[in-house]
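Contents: one structure, followed by commentary.
The values are calculated or read from the model by the stated rules, or taken from the named source; none is laboratory data. Just so we're clear, the structure is a prediction, and the values are computed from it rather than from any experiment. Every residue, glycine as well, gets a Cβ built from its backbone with ideal geometry; the counts of neighbours run over all protein chains shown. Protein only, heavy atoms only, side chains kept; ligands, DNA and RNA dropped before computing areas. Shrake-Rupley method; radii C 1.70, N 1.55, O 1.52, S 1.80 Å.
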Amino acid sequence: MTLMILAACAFFSLIVGIATEGWPKGAHDGLGIVASILLVVFVTASSDYRQSLQFKDLDKEKKKITVQVTRSGYRQKLSIYELLVGDIVHLSIGDQVPADGLFMSGFSLLINESSLTGESEPVAVNVEYPFLLSGTKVQDGSCKMLVTTVGMRTQWGKLMATLSEGGDDETPLQVKLNGVATIIGKIGLIFAVVTFAVLTQSLFRRKIIDGTYLSWTGDDALELLEFFAIAVTIVVVAVPEGLPLAVTLSLAFAMKKMMNDKALVRHLAACETMGSATSICSDKTGTLTTNHMTVVKACICGKIKEVDGVSDIKNLFSELPDSVMAILSQSIFNNTGGDVVLNQDGKREILGTPTETAILEFGLSLGGDFLAVRKASTLVKVEPFNSAKKRMGVVIQLPEGALRAHCKGASEIILASCSKYLNEDGNVIPLDAGTIDHLKATIDSFANEALRTLCLAYIEVEDGFSVNDQIPTDGYTCIGIVGIKDPVRPGVKESVAICRSAGITVRMVTGDNINTAKAIARECGILTEGGIAIEGPDFRTKSEEELTQLIPKIQVMARSSPLDKHTLVKHLRTKLYEVVAVTGDGTNDAPALHEADIGLAMGIAGTEVAKESADVIILDDNFSTIVTVAKWGRSVYINIQKFVQFQLTVNVVALVVNFSSACLTGSAPLTAVQLLWVNMIMDTLGALALATEPPNNELMKRTPVGRKGNFISNIMWRNILGQALYQFLVIWYLQTEGKWLFGIKGDNSDLVLNTLIFNCFVFCQVFNEVSSREMERINVFEGILNNNVFIAVLGSTVIFQFIIIQFLGDFANTTPLTLNQWIACVFIGFIGMPIAAIVKMIPVGST
């Protein structure tokens with residue numbers, strides 16, 4: 001809107017200017033306005049272009065995914081973007097399925113389809129159910145797949161297409177700024193119309209008194225056009241064309257800096273929206289926790305050991321006999337769906353589900369050798385983990401020819417299959433009631449600490465066993481129980497505390513068990529006294545009224561479906577008017593990410609669909625980075641407030657001075673070109689200086705602005721009016737008593753006086769710019785030297801001003817000043833700083 005009003009002003013200004021003063025002198029004003037419009041458009045376009053370049057770089061990184069493909073009869077590595085229908089793709093554990101296809105051959109293939117369906121249970125794919133969908137992940141086994149569909153025709157592609165149908169809303173700040181710009185524009189228009197009316201009325205009255213009101217000459221028409229030029233200049237001054245520029249500059253600066261802080265901003269406006277956030281709905285796994293499961297407790301042969309944070313786990317179990325350690329290693333390394341490999345860098349890497357990797361890591365830390373143990377025996381039969389049976393089993397042939405079965409799974413189920421256990425001497429002892437109670441109590445104590453428990457057991461198998469036989473289901477010997485934890489990320493508790501002090505509510509939304517969720521929420525500091533933890537199925541049954549009562553108290557939602565998350569976010573936004581940020585990594589999170597004011601997708605664990613729906617990608621999957629994004633968001637908001645405060649002061653003073661002067665004397669002391677210098681250069685440079693202030697920790701001690709907060713606060717009005725009053729009085733005093741004060745005489749005394757007024761006005765703005773660095777604090781110099789842009793802007797403003805006054809007199813209607821006059825102008829400008837400090841002491845409400 002501001003640019004449209006300015007474009008109209010430029011058009012009229014050019015017509016009026018050329019009509020009154022001819023070409024090229026009369027075109028100065030119009031061309032100046034055109035230049036300011038082009039500047040805003042150019043800066044906006046270039047920052048958008050730089051943003052798109054960042055995404056091109058990101059896309060290049062993404063496209064580096066390669067897969068093993070058999071094409072034209074030989075095996076080769078290809079980019080997933082080069083796949084064609086008819087290719088045979090080799091998939092193994094940990095791969096993402098790159099296209100839709102059919103299973104040709106493979107071994108115990110389990111596919112995690114949660115990114116498409118939201119179901120966490122892996123799907124077994126075989127000849128009976130041969131369908132493989134792009135975007136899903138291989139959780140277990142390996143296979144050859146025939147590609148049948150690629151690109152946007154895959155299930156994944158169709159899902160992406162539906163997500164691109166949503167429209168873009170304006171961000172809270174854009175809405176507020178549009179409101180501010182429109183109001184200021186209207187005020188300027190009213191002033192301009194009144195000024196034009198007053199000046200025109202004085203012309204009419206003069207002509208009536210002279211008795212010439214019936215005869216109009218060309219000079220009268222030009223005089224009317226001159227009045228119109230003054231009116232247009234007032235509108236130009238009133239319309240804050242620096243606002244869109246300040247917003248774009250501030251957002252682009254924040255975006256660049258956030259990239260260094262591991263947050264990639266996909267939509268510029270998300271920077272500032274995050275500053276208004278009042279609620280964060282966070283995932284648990286991978287965001288609050290590391291998604292790196294580790295064994296933290298183990299009960300081997302009846303002995304419970306804490307293995308968390310112990311550097312030498314091998315010595316922890318050193319009192320156990322070698323026979324027990326051998327059986328434990330055999331169980332861990334043979335009965336697994338994971339793998340231990342060397343990656344391209346020659347480093348050891350563990351592949352498999354988080355649970356499998358945790359147990360394999362535990363086995364390796366006990367001093368076990370994965371390959372040696374695997375080679376020492378032969379796999380006879382594998383029964384992969386089955387969610388119905390909640391167990392996994394293998395039968396192996398030992399070097400001497402005997403057969404042994406190992407199984408692991410849900411502790412209660414495996415323990416029920418055991419009739420014996422290994423004691424601390426390595427002897428096989430029948431299980432008695434006391435030992436069973438001790439083991440059950442161990443399982444319960446592990447579970448109450450939010451640990452997943454798994455029991456490991458083995459049985460000697462008779463010689464007649466064949467591959468078609470079922471692996472035995474009872475008579476096992478219990479080796480031990482392990483407790484696995486997905487640890488909370490370091491720094492999360494502190495980050496949650498920072499959010500709380502900043503007035504941001506953090507809620508955990510997870511598909512996990514409610515006890516685990518509550519334990520982790522307490523550890524993170526999310527679940528507090530009086531907070532509610534609810535399960536998705538209960539949440540779904542509540543009525544609208546009940547939800548409105550309940551949602552403000554909900555801190556944890558467990559066993560939630562994607563729809564529950566969407567409902568929660570929608571309710572918070574539409575009924576409770578909160579500004580909501582949502583984190584997500586799976587495709588099932590896409591609707592909630594889309595619904596939220598700010599969608600935050602995980603860069604490492606996140607799927608493509610989640611990233612496409614998000615506004616910001618958290619590159620390190622860390623909750624602490626989300627807090628950094630909030631801090632930057634607030635910084636953007638405050639910086640734009642500082643700039644608006646600074647600009648409104650300029651606008652108010654220029655408006656009132658020109659309006660009152662035009663009404664009282666019939667001419668404006670500040671010419672259009674001078675106003676455009678103040679307007680365009682000071683706005684642009686002011687935007688650069690104030691919009692690029694880095695954030696400080698004080699920002700996270702304030703309450704969020706939210707959706708309904710006033711953009712121009714009482715504090716800003718106090719500062720604006722205090723400073724404007726001082727500047728207005730100075731300029732009026734100079735206009736009336738300036739010639740006497742500076743002892744100006746001679747033919748060009750009016751020109752010298754107007755130059756002095758212009759110079760004082762500019763220096764008032766320079767010192768006001770420094771005062772605007774802090775809206776409430778007296779000390780405005782803290783950290784000023786760290787902001788190179790600010791120093792450069794102040795320096796260049798002063799240099800430009802010197803050049804304009806001393807050398808560009810014809811263009812700017814100025815004349816060179818003496819050294820004493822320069823010192824006086826700088827001193828008058830400087831007095832504004834102590835006045836600004838005194839004004840800041842006047843108490844006003846913060847809203």
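If the segment from Asn448 to Lys739 were pulled out straight at 0.36 nm per residue, it would be longer than the present Cα-Cα gap by 96.2 nm.
Return the tail of the calculated pair distribution for the range 689-761, meaning the percent of Cα-Cα pairs more than 17 Å apart.
Values: 1718 of 2628 pairs.
The share of Cα pairs beyond 17 Å in the range 689-761 comes to 65 percent.
Using a 1.4 angstrom probe, figure out how much accessible area the chain has per residue, in square angstrom, rounded to the nearest whole.
Working: 37820 Å² over 847 residues.
Per residue, the chain has an accessible area of 45 Å².
The range 345-399 and the range 451-497 have Cα centres spaced 11 Å apart. Over the range 544-668, with a single point scatterer placed on each C-alpha, what log10 of the ratio I(q)/I(0) does the Debye formula yield at q = 0.17, 0.19 1/Å? The Debye formula, applied to the Cα set alone, gives -0.92, -1.06. Magnitude of the charge dipole for the chain, about its Cα centre and with charges confined to Cβ atoms of Lys, Arg (+1) and Asp, Glu (-1), is about 1180 debye. Could you give the longest part of the chain that holds none of the trypsin sites (Lys or Arg not before Pro) found in DSSP loops with at most 14 neighbouring Cβ atoms within 10 Å? Between the exposed loop sites, the longest stretch runs 65-346.
Distance between the modelled labels on Glu460 and Asn779, one decimal in nanometres: 7.9 nm (7 Å Cα→Cβ projection).
What Kirkwood Rh does the chain have if only Cα atoms enter the pairwise 1/r average? Answer in Å. By the Kirkwood definition, the hydrodynamic radius is 32.1 Å. Couplings for the range 744-755, taken from phi via the Karplus curve 6.51 cos²θ - 1.76 cosθ + 1.60 with θ = phi - 60°, read 8, 9, x, 5, 9, 4, 5, 5, 4, 4, 4, 5 Hz in order; Gly and Pro are left as x.
Based on the Cβ-Cβ distance of Leu78 and Phe131, what FRET efficiency does E = 1/(1 + (r/R0)^6) give at R0 = 25 Å, to the nearest 0.05? Display every interim value, and only then the final one.
On the way: r = 22 Å, r/R0 = 0.89.
E(calc), rounded to 0.05, equals 0.65.
Among the protein heavy atoms, those of Leu342 account for about 130 Å² of accessible surface (1.4 Å probe, every chain in place). With distances taken between every two different alpha-carbon atoms, the range 397-461 has a Kirkwood hydrodynamic radius of 13.2 Å. Rounded to the nearest 10 degrees, the angle from helix 714-742 to the longest Cα principal axis of the chain is 30 degrees.
Potential lengthening of the chain between Gln155 and Leu547 amounts to 137.7 nm, from the contour at 0.36 nm per residue minus the alpha-carbon distance.
Taking a threshold of 21 Å on the Cα-Cα distance, which of the pairs Lys284/Lys314; Lys305/Lys440; Lys176/Lys257; Lys284/Lys565; Lys303/Lys420; Lys25/Lys186 fall above it? Before the final figure, lay out each step's value.
Working: Lys284/Lys314 31 Å; Lys305/Lys440 16 Å; Lys176/Lys257 25 Å; Lys284/Lys565 13 Å; Lys303/Lys420 16 Å; Lys25/Lys186 29 Å.
From Lys284/Lys314; Lys305/Lys440; Lys176/Lys257; Lys284/Lys565; Lys303/Lys420; Lys25/Lys186, over 21 Å: Lys284/Lys314; Lys176/Lys257; Lys25/Lys186.
Per the Cauchy relation, a quarter of the hull surface: what is the mean projected area of the convex hull of the alpha carbons in the range 294-485, in nm²?
Working: hull surface 44.6 nm².
Convex hull of Cα atoms, orientation-averaged projection: 11.1 nm².
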